[in-house]
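Below you'll find the structure, written out as structure tokens, and then a few comments.
The values are calculated or read from the model by the stated rules, or taken from the named source; none is laboratory data. Just so we're clear, the structure is a prediction, and the values are computed from it rather than from any experiment. Note that we place each Cβ from the backbone using ideal geometry, even for glycine, and neighbour counts take in every protein chain shown.
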Amino acid sequence: MDSAVTQTRRPAHWVIISTGILVLAGFGISLYLTIAHFAGTQSLACSDNGIVNCAKVTTSPQSVVFGIPVAILGLGYFVVALFFYSPWAWLSAKRTIHLIRVGLAGAGMLFVLWLITAELLIIKSICLWCTGVHIITFVLFVITLTTAPALLEKEPAS
């Protein structure tokens, strides 16, 4: 098999561009939240009253998992995603790359579902910046899963 995905298995151009933009946006928001985590909530450009309360969410006990701030976990997720959503990875003929992308999208979505549950049921507040990351992760998940079948299709035996 040659080093590029065959024309019939190649993702649409919009998939490559849009997922690249989404990953960069997710990285940017995660970087901002990581900086705010260490700089203090006063650096958050977000409401701190009512249901929308970024400070309450980002300083809650749920904002740390296994001793690691969730913002850093998000940043790490998007650093890895930069590779697996790059044009090179989308055009790779290596099935493993596409399988890892599907796993990454699934893991990201599961974590987002846990975070949304924590925000709504435990913290009882939402963070708009976090919601931005959640939406980005969801859209990446949908695009990845709708694109995966064609990319994971096995080549017919010759």
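At-a-glance table
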read-out: Number of the exception - Lys56 against (1) of a type outside the set (Ser, Thr, Tyr); (2) within 18 Å of Ala107 (Cβ to Cβ); (3) in contact with a Ser or Thr (Cβ under 8 Å, 6 or more places away or on another chain); value: (2)
read-out: Any hit, segment 126-139, residues being assigned to a helix (DSSP H, G or I) and over 30 Å from Pro11 (Cα atoms); value: yes
read-out: Of all residues in segment 9-23 being assigned to a helix (DSSP H, G or I) and exposed (fewer than 15 other Cβ atoms within 10 Å of the Cβ), the one that is farthest from the chain's Cα centre (by Cα); value: His13
read-out: Some residue of segment 92-99 being surrounded by 15 or more Cβ atoms within 10 Å (Cβ to Cβ) and either within 19 Å of the chain's Cα centre (by Cα) or modelled with pLDDT of 95 or more (or both); value: yes
read-out: Top-ranked residue in segment 114-158 [being under 21 Å from Phe27 (Cβ atoms) and free of Cβ contacts under 8 Å to residues at least 12 places away in the same chain; ranked as nearest to the chain's Cα centre (by Cα)]; value: Ile135
read-out: Options Ile51, Ile29, Ile35, Ile16: the member that is out of contact with any Gly (no Cβ under 6 Å at 6 or more places or on another chain) and within 24 Å of Arg101 (Cα to Cα); value: Ile16
read-out: Residue match in segment 101-109 (condition: outside any helix (DSSP H, G or I) and surrounded by fewer than 21 Cβ atoms within 10 Å (Cβ to Cβ)); value: no
read-out: Residue count for segment 51-80, restricted to those that are loosely packed, with under 13 Cβ neighbours inside 10 Å, part of a loop (DSSP other than H, G, I, E, B) and free of Cβ contacts under 8 Å to residues at least 40 places away in the same chain; value: 2
read-out: Single unsatisfied condition, Ile122 versus (1) crowded, with 18+ Cβ neighbours inside 10 Å; (2) over 21 Å from Arg10 (Cβ atoms); value: (1)
read-out: Test: residue in segment 29-49 that is part of a helix (DSSP H, G or I), modelled with pLDDT of 95 or more and among the small types (Gly, Ala, Ser); value: yes
